[in-house]
1. Between residue 45 and residue 139, take the C-beta separation as r, use R0 = 41 Å, and let me know the FRET efficiency to the nearest 0.05.
2. Quick one: among 81, 278, 172, which has the greatest mean-square fluctuation in a GNM of the chain with alpha-carbon springs under 10 angstrom?
3. For segment 50-140, what relative contact order do you get, as a whole percent, if you take Cα pairs closer than 8 Å and at least 6 residues apart?
4. Could you check the spin-label model distance between residue 278 and residue 14? Points 7 Å from the Cα along Cα→Cβ, value in nm.
5. Let me check against my output: what whole-number percent is the relative contact order of the chain, with C-alpha pairs under 8 Å and at least 6 apart?
6. Just to be sure I understand the model, the point goes 7 Å from the Cα along the line to the Cβ. What's the resulting residue 102 to residue 178 distance in nm?
7. At 0.36 nm per residue, minus the direct Cα-Cα distance, what do residue 219 and residue 61 gain on full extension? Give it in nm, one decimal, please.
8. Within the chain, which complete DSSP H helices have Cα atoms spanning at least 24 Å along the helix axis and a mean Kyte-Doolittle hydropathy of 1.0 or higher?
Amino acid sequence: MLHLRIITPPELTATVLQELSDDPGVTHITTDRGAATQPAGDLVACDVVRASVNPLVRRLRAAGVTEHGGITLTEPEAVISSAADRAQAAIRTPEIDTIVWEEVSARTSDDSALSLSFGVLMVLAGIIAAVAVLTNNPVLIVGAMIVSPDYGPMAALSVALVNRVSGPAWQSFRALALGFPMAALAALLFTLAARGLGRIPAPYLAGERPLTDLLIGANLGAFVVAFVAGAAGIVALGRAKSGAVVGVLVSITTIPAAANIGTALAMGNLSEAGRSLSILVVNLAGLLTGGVLTLLGTRLWARRIEAGQAILRPKPKPGR
């Protein structure tokens with residue numbers, strides 16, 4: 001379940017309480033009249049089954065709550081209550097099957113903009129990946145994937161495209177369009193420095209580069225892996241599992257390839273750099289496609305859920 005904290009102007013409180021009471025997926029409703037000071041109004045709180053959140057928030061928006069007040073969503077660690085059990089049973093939709101759009105949008109919006117911290121992390125991830133490529137060290141590849149913040153803008157771009165909002169979409173695209181060149185440039189400069197100091201490992205110079213073989217050449221298999229990773233990332237975001245494990249899962253086909261572009265250019269391997277670029281583009285396309293189609297699928301599923309809930313909600317009485 002999710003916990004909703006609603007600040008509503010006094011003239012809308014009755015409407016809000018009626019919406020909450022009419023929804024079988026809402027329980028634990030409390031009201032504190034005049035508790036809110038900025039903006040001024042009443043404070044209403046409740047617990048809501050995840051499957052009820054999307055349509056409920058949409059109805060509260062339509063009533064003007066977000067324009068004159070606000071809605072805060074949080075996910076409690078545990079809700080132990082027979083009333084909560086009854087609310088979940090009334091909806092008859094498994095919690096895990098529901099992605100709350102407001103949650104996904106909020107979790108991706110903060111990571112979608114190009115910022116100083118984003119640029120620094122992309123540069124550091126590019127350098128770590130370059131070291132991994134030069135030394136054939138898979139542990140460092142994992143380290144680079146953990147450091148890389150590239151999935152934030154990718155997920156935000158998926159959400160923006162599905163919601164058809166151009167501003168956030170452009171913001172996310174710009175972060176990706178500048179972030180990966182920054183990582184590649186960092187890898188290029190690092191490799192040039194290592195080459196100038198004579199610190200390129202002998203196995204790499206001898207052509208013993210098993211990691212590099214994974215980072216060159218686009219193919220269907222790479223697209224499928226990226227597609228699945230993109231879908232998994234979106235599902236994890238919708239279930240509040242957006243930590244380092246998801247970052248590793250969805251970054252595995254991006255940062256290493258971007259870093260190898262810079263490393264190959266520094267070593268004069270133009271053909272290899274081009275092939276790394278091709279797999280980077282294919283993998284980004286796979287991540288985006290997987291994310292967008294997953295979001296579209298969950299939206300269709302949500303509409304199916306909402307149609308069922310509409311049948312369960314009581315009909316408004318005449319005059320209301």
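A short reminder: the numbers here are calculations on the coordinates, not readings from a lab. Just so we're clear, the structure is a prediction, and the values are computed from it rather than from any experiment. When we count neighbours, we look across all protein chains shown, and the Cβ atoms used for this are built from the backbone with ideal geometry, even at glycine.
1. Values: r = 47 Å, r/R0 = 1.14.
With R0 = 41 Å, the Cβ-Cβ based efficiency is 0.30.
2. Of 81, 278, 172, the most mobile in the Gaussian network model is 81.
3. Reported as a whole number, the value is 34 percent.
4. The modelled label-to-label distance comes out at 6.9 nm.
5. Relative contact order comes out at 19 percent.
6. Between residue 102 and residue 178, the label points sit 3.2 nm apart.
7. Numbers: separation 158, 0.36 × 158 = 56.88 nm, distance 4.52 nm.
Full-extension gain reported as 52.4 nm.
8. The qualifying helices are 116-135, 220-238.
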